[in-house]
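Novice: Dumping the structure here so I can ask a few things about it.
What follows draws every value from the coordinates through simple rules; no lab data is involved. Because the structure is a prediction, the values reported are computed rather than measured. Methodologically, a virtual Cβ is constructed for each residue, glycine included, from the backbone with ideal geometry; neighbour enumeration extends over all protein chains shown.
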Amino acid sequence: MKPLFAFVLFCLSLSAFAQVQPALPPLVSVTGLGEVKVAPDQIALNVGIDVRDKNLENARRQNDQKIAALLNYLKRAGIDAKDIQTTNLSVYPNYVGEYGQTTPEFYMTQKSITVTIRDIKKFDEILTGIYKTGANRVEGIEYRTSELQKHREQARKLAVQAARQKAMALTSELGSKVGRVYAINESGSEGYPTPLYRGRGANKMMESVAVDAGGPTIAVGQITVSASVDVSFVIE
């Protein structure tokens, strides 16, 4: 096939493609955000047990014993098995000294468990019991709601309303009106705040709770469930 002939075919193809593609109507495209603030009624608490020993088997055995004690306590505290999940397991040697050292100074064993507490009033009591079983690390806590789906649907409705209001405000400034919906896409999800306690502060918090649980140690506040929609309206 000669180059000129191929070029002519290519141009004809583009022309035919352009003819079959319908022209887009005039559109106004906006993003609507909806938020619902609710009081949480659940707490997901992530705790861990770290054990180090010069002997690997001793470190592993001690960690297993403490984890078993923790699981037994949670069962006695009324936590359902479905609300307890192992989320991390690691065993590694720790070398201290010159580069190339072949014998580790000690072995570290770590296990983490996430516990969902469905009765927030029992948080302090359960946290104290967890600490007494040998847990020595808190990764953080996450506030949740048992009616997430209901609040998410409400947030979605608010997002759609916000999108329409925004489109009407934009078009009215130009003397136009908002017509039918041309396209809509949801791109949001629930939003939970960052865990309240982390790292060293979390461990200090555990110690204070275990020593004196004379009052509430957390303020649950509110969580935000959000939804976001992208909507294109035809401009009339």
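Novice: Which of Tyr182, Tyr131 has the fewest other C-beta atoms within 10 Å, and how do the rest follow up to the most?
Specialist: Values: Tyr182 16, Tyr131 22.
Final ranking by Cβ density, sparse to dense: Tyr182, Tyr131.
Novice: Among the listed pairs Lys37/Lys111; Lys37/Lys150; Lys75/Lys150; Lys82/Lys121; Lys54/Lys75, give every one whose C-alpha distance is greater than 22 Å.
Specialist: Lys37/Lys111; Lys75/Lys150; Lys54/Lys75
Novice: Right, here's the next one. Using alpha-carbon pairs under 8 Å, 6+ residues apart, how would you state the relative contact order of segment 42-144 in percent? Before the final figure, lay out each step's value.
Specialist: Working: 183 pairs, mean separation 51.7, N = 103.
That works out to 50 percent.
Novice: Count neighbours as other Cβ atoms within 10 Å of each site's Cβ, and list the GluC sites (Glu not before Pro) in segment 125-161 that are DSSP loop with at most 15 such neighbours. Walk me through the numbers on the way to the answer.
Specialist: Details: sites: Glu125, Glu139, Glu142, Glu147, Glu153; in loops: Glu147.
Answer in residue order: Glu147.
Novice: Which cross-chain or sequence-distant (5 or more) residues have an amide H under 5 Å from the amide H of Ile117, H modelled 1.01 Å from N in plane?
Specialist: Ile43, Ala44, Leu45
Novice: Quick check for me: using +1 on Lys/Arg Cβ and -1 on Asp/Glu Cβ, what's the dipole size of segment 42-144 about its Cα centre, in debye to the nearest 20?
Specialist: Numbers: 15 positive and 13 negative charges, 77 e Å.
My answer is approximately 360 debye.
Novice: Hey, got a sec? Which trypsin sites (Lys or Arg not before Pro) in segment 48-129 land in a DSSP loop and have at most 15 other Cβ atoms within 10 Å? Don't skip to the answer; put the middle values down first.
Specialist: Working: sites: Arg52, Lys54, Arg60, Arg61, Lys66, Lys75, Arg76, Lys82, Lys111, Arg118, Lys121, Lys122; in loops: Lys54, Arg118.
Passing both the DSSP loop test and the Cβ count: Lys54, Arg118.
Novice: Just want the answer: with Cβ charges of +1 for Lys and Arg and -1 for Asp and Glu, which residue in Tyr73, Pro104, Ser90 is farthest toward the dipole's positive end in segment 42-144?
Specialist: Tyr73
Novice: Pop out the ³J(HN,Hα) list for segment 122-132 in order, Karplus 6.51 cos²θ - 1.76 cosθ + 1.60 with θ = phi - 60°, rounded to Hz; leave Gly and Pro as x.
Specialist: Along segment 122-132, the couplings run 8, 4, 4, 4, 5, 4, 4, x, 4, 4, 5 Hz.
Novice: Kirkwood Rh, segment 42-144, all Cα pairs: how many Å?
Specialist: Working: mean 1/r = 0.0684 Å⁻¹.
When all Cα pairs of segment 42-144 are included, the Kirkwood radius is 14.6 Å.
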